[in-house]
Structure formats: C-alpha cells, structure tokens
Amino acid sequence: MTNAPRRNLPESKNRMIAFLLSVFFLSLYFGNASGFFSSPWSIWILLFFSAIFSYTLWALIHECVHGNFSNSRAESHLAGRILCILFGTPYQVAKTAHLMHHKFNREEGERIEFIEPNGIPVSIQKFFYYLKLLQGTYFLEVAGGFLLSLPLSFSIPFAEKYFSRLPVQKAFFKQIQKPEIVRELRIDSFWILFLFGIAFLFSGPFFWVLVSVLILRGFIVSVLDHSYHYGKDIDDSYSSYNLGVPKVLSFLFLNFNYHRIHHFFPGCPWNRLPDQFAKTKDRMDLSLFRQTFRQFRGLLALPENSKTS
C-alpha cells in the first residue's frame, strides 16, 4: 500500500499558532489566579485581544475541519478537538455545521438575511436575524453540543420536531447523531464543562471578565462569518465575497477574508490562499469593515429567481 503524497501544509506554523493561542486563552481563563486582572487597563486590553484571537482560534479550527492543519488526519482531528475545547464548543458540532455550510451555502437556512416565504412573520424573522448575526454562529453550536450530549431518546425527537425543517438541518442532524460522533461529542462536552467550570470557579469577582470573553467571541465570530455572504447570490454553494482587510488582520484571521477562494478551493491551506487568489485573477469585492456594517441594514427581499420564492 502506498502512502498518500504529502501536501504542502504549514504544519510547523499551525502547531506554533495552536500553542500560542492555548497559552493565551488558558492564561486569560485563569487570569484572576495568575494576576492578569490587576488593573482595569490590563483587563480591557486582554478583552480586546481575546476578541481578535478568538477569530484566529476559529480560523485555525476551520483548518482542522478541512484537514489543512497537518498531513496526519489524526493530528488534524486531535488538534481540532483540543482547540474546540478551548473555544467552548464540541469539534464535531463545529465540523459538521461547517461542512453543511459548504454543501448548502446560500440555500434556505444558510442565507439568514433574506425574508423567506415560510409563513413566519417578518418581525419574527427580523428578530432571529439579528440574534443570529450578533451571537448565533457561536452560541448555536455551543447549545447544539450540549443538546446532543443528552440521551438520544430525547435529543433526536426534539431535534426532529424543532430543528429539522430544512434540508441543511436534516443533513446536519443525520450526520451528527451517528453513535461514534455522539460518543466523541459527549467526551468533548465534558471537558468543556470541566475547563470553563474550573475557570469560573477561580474567577472570583472577575466572573464578568469570562462572561465578556464569551460574548465578544460570539459577536466577532458570528458577525464576521455572516459578512462573507450578506446579500450575495443565492442557491449557489460557491457564492461568497473576498473582503479586503489590512495585511496584519488578514494574517491574524488566517486569510479567512479570501473567502470566495476558500469556497472554490477548500483544500487550500490558509498560507496559500493569497497565491491562489493571484493565480485565479480574482478580485476583492469590498472592504471587510464596510461589508460588516452593511449587514446591519437588516433583512433583504428574496430575489425572484429563488427556488423557494
């Protein structure tokens, strides 16, 4: 049996980034015990960087999902699990949700900014739009992880009744409820509860700092993730924007802003996305900052050519 050819992946860089992120977030979670919360200024600086590095962490988890962390599938998987425990959501939930995003991108359920003709009042759709925009990507995965950690006799009927109306939802729950996935998911949920439970226990009067870290994480991950697709063409799994940012942010986001390139070439590691962008002679559509604020215009009318219009 011949071994699969080695891909040109930035393995050493990925391991170093994973190590540095682990040190930063563990130090932050236990900042009260380590003396990092000695002054208000230090707390606000740490909160600012926690938001930025949360997106770096999310982007590195994303590399694990696509097998771009390491040439070893086992290492990519293990790294993804460990990083997701630090992130606060089980790896299998993040992985399955993201792969469903690639498959069903811009179909109903994956285009939250459009008013859908599904019988739900527009006011309710608007409420859930802003909820998903501001916190949804992160906290839905957190909640989904703990829901699926419950006995399957409860979680499967519950999910089928309330969360399996659309094809993307049905596909997600069909995949995530496989016994071997549920088993791993429950183990990771235990370690997440253990890590954050101990962190909150030792936080003392700085309980609010850890809560702020999680809220900021939910905000930056959700808002930026939706920005790559807001208002883009529907019913096309490749439909997304390339968004311009300063080079330092592009590096910190592991070039996630080359998002259309990623959708066409999901096996391309983060360090080669700019080269792939140049080879395909693609373009930057607009700035990430401008697109981020555009999302707050709210819901859009569904185009007439939609499959569900």
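The values are calculated or read from the model by the stated rules, or taken from the named source; none is laboratory data. Because the structure is a prediction, the values reported are computed rather than measured. To get the accessible areas, we keep the full protein, side chains included, count just its heavy atoms, and leave off ligands, DNA and RNA. Shrake-Rupley method; radii C 1.70, N 1.55, O 1.52, S 1.80 Å.
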Discussion item. Classify the chain from the C-alpha gyration tensor, please: rounded if a/c falls under 1.5, else prolate or oblate depending on whether a/b exceeds b/c.
Written reply: rounded
Worksheet item: Normalised by the residues of the chain, what does the relative contact order come to in percent, with Cα pairs under 8 Å and at least six apart?
Response: 25 percent
Response to the item:
Rounded to the nearest Å, the spacing of the alpha-carbon centers of the stretch 91-112 and the stretch 121-180 is 11 Å
Worksheet item: Leaving out ligands, DNA and RNA, what percent of the accessible area of the stretch 11-297 is carbon and sulfur, probe 1.4 Å?
Response: 69 percent
Worksheet item: How would Y258, Y129 line up by accessible area, probe 1.4 Å, largest first?
Response: Y258, Y129
Practice prompt. List, in the order given, every pair from K174/K279; K170/K279; K126/K161; K126/K281; K95/K232; K95/K161 whose Cα-Cα distance in the structure shown is over 27 Å.
Written response: K174/K279; K170/K279; K126/K281
Fill in: Mean ellipticity per residue at 222 nm, deg cm²/dmol - from DSSP H runs of n ≥ 4 across the chain, formula -39500 (n - 2.57)
-19500 deg cm²/dmol
Discussion item. Counting heavy atoms of the protein chains only and a 1.4 Å probe, report the per residue accessible area for the chain as a whole number of Å².
Written reply: 50 Å²
Discussion item. Please compute, over every Cα-Cα pair in the stretch 154-241, the percentage with a separation greater than 16 angstrom.
Written reply: 73 percent
